[in-house]
1. Being over 21 Å from Lys263 (Cβ atoms) and open to solvent by 30 Å² or more (accessible area, probe 1.4 Å) is the filter here; which residues of the stretch 125-162 pass it?
2. Quick one: which of Thr200, Thr243 is outside any loop (DSSP other than H, G, I, E, B) and among the hydroxyl-bearing types (Ser, Thr, Tyr)?
3. For residues that are charged (D, E, K, R) and open to solvent by less than 80 Å² (accessible area, probe 1.4 Å), scanning just the stretch 84-100, find the one that is farthest from Lys225 (Cα to Cα).
4. Residues of the stretch 101-112 being open to solvent by less than 30 Å² (accessible area, probe 1.4 Å) and either among the polar types (S, T, N, Q) or more than 18 Å from the chain's Cα centre (by Cα) (or both), which ones?
5. Mind counting the residues in the stretch 246-273 that are surrounded by fewer than 18 Cβ atoms within 10 Å (Cβ to Cβ), assigned to a helix (DSSP H, G or I) and in contact (Cβ under 8 Å) with a residue 12 or more places away in the chain?
6. For the stretch 29-111, which helices (runs of 4 or more DSSP H) that fit wholly inside it have 1 or more residues that are under 30 Å from Glu254 (Cα atoms) and either in contact with a Ser or Thr (Cβ under 9 Å, 6 or more places away or on another chain) or modelled with pLDDT under 65 (or both)?
7. Could you tell me whether any residue of the stretch 147-167 is under 29 Å from Leu210 (Cβ atoms), of a type in the set (Lys, Arg) and free of Cβ contacts under 8 Å to residues at least 12 places away in the same chain?
8. May I ask you to list the residues in the stretch 205-229 that are assigned to a helix (DSSP H, G or I) and more than 29 Å from the chain's Cα centre (by Cα)?
Amino acid sequence: MNDTVKNNRIPLIIAALGTLVLIIVGLYLFDRPSQDISATAGAKAEQAASAADSAVAAAGMSDAQREATKALVRATLLENPEIITEAVEILQQRESAKRLSSVQDKVNTHFPGAEAGNPKGDVTLVEFTDYSCGFCRASVADVKRLLKDDGNIRLIYRELPILSPASREAAAWALAAAAQGKHQAFHDAMFAAGPPSPATIRSAATKAGLNMAAAQSFAASPKVKAEIEGNLALMQQVGFNGTPTFVIGSQILEGALGYDALKDAVAKARKQK
């Protein structure tokens, strides 16, 4: 084999290696919890073998080269097992991004009044939040700082009460506050008051200046129930697991990220536009 042929084949072999690793990781590790792995293991093995054979054929590898490649992949994974975790994370991100794209318009359509920042901002930041969530509380200052430093961000709050019945009650009152144009005031007061309870919810509502009778009536309305149920459905459709979760462009970021990570995600979203 001359040097030109060898050099042309190297990228194909590398591509085959990458494809082989991602196929194996994707087929065996990136499963939904609801799937019955034992029932699908045989089919997955066949799919992996077929895909690997196709990758090897595309690279023009001989049987000896194939065995050498398999040994190289095995040795690499054993020496650097973190590769598997990184590959799984990449696959999860890609899968989540695909699911997000199918519901992006819903995610970016705010409940009337449940928004902050610049309504005409060039980047939309969506925060799924729960008033019982300590990590959500820890993120309040970072989000406020981000909006103060960057006047071109549109922030949408999505109430996602998943931690307790009191979370749901607080979420309902937050939407009632939104209907009165006082969502941000209630949001800040609720997190400052501590974990939600009848007393802290009333305290936050009073501090936000709500019409209490109107808020109580609205919080019990079908419109509020539909919004909360819709947000819970979005969580399932997109595929994240907790709060806070931030959706910034095509990025899905979970947890108390901190100011710098949020700022970087906004910058990345701008570059992707």
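1. Ser132, Gly134, Ile162 - these are the residues of the stretch 125-162 that are over 21 Å from Lys263 (Cβ atoms) and open to solvent by 30 Å² or more (accessible area, probe 1.4 Å).
2. Working: Thr243 fails: outside any loop (DSSP other than H, G, I, E, B).
The match here is Thr200.
3. Initially, the stretch 84-100 is screened for residues charged (D, E, K, R), giving 86, 89, 94-95, 98-99.
When the remaining residues are screened for being open to solvent by less than 80 Å² (accessible area, probe 1.4 Å), the result is 95, 99.
Values: Glu95: 29, Arg99: 24 Å.
Ranking the qualifying residues of the stretch 84-100, first place goes to Glu95.
4. The first filter runs over the stretch 101-112 and keeps only residues open to solvent by less than 30 Å² (accessible area, probe 1.4 Å), leaving 103, 107, 111.
Answer for the stretch 101-112, where residues must be open to solvent by less than 30 Å² (accessible area, probe 1.4 Å) and either among the polar types (S, T, N, Q) or more than 18 Å from the chain's Cα centre (by Cα) (or both): just Phe111.
5. Selection size over the stretch 246-273: 5.
6. Details: elements: 37-59, 63-79, 82-107.
Counting at least 1 such residues, we get 37-59, 82-107.
7. yes
8. Just the residues of the stretch 205-229 that are assigned to a helix (DSSP H, G or I), to begin with: 205-207, 212-219, 222-229.
Of everything in the stretch 205-229, those that are assigned to a helix (DSSP H, G or I) and more than 29 Å from the chain's Cα centre (by Cα) turn out to be Ala205, Thr206, Lys207, Met212, Ala213, Ala214, Ala215, Gln216, Ser217, Phe218.
The values are calculated or read from the model by the stated rules, or taken from the named source; none is laboratory data. What you are looking at is a predicted structure, and each value in this text was computed from that prediction instead of being measured. Here the Cβ is made from the backbone with ideal geometry for all residues, glycine too, and neighbour counts use every protein chain on show. Only protein heavy atoms, including side chains, enter the accessible area calculation; ligands, DNA and RNA are left aside. Shrake-Rupley method; radii C 1.70, N 1.55, O 1.52, S 1.80 Å.
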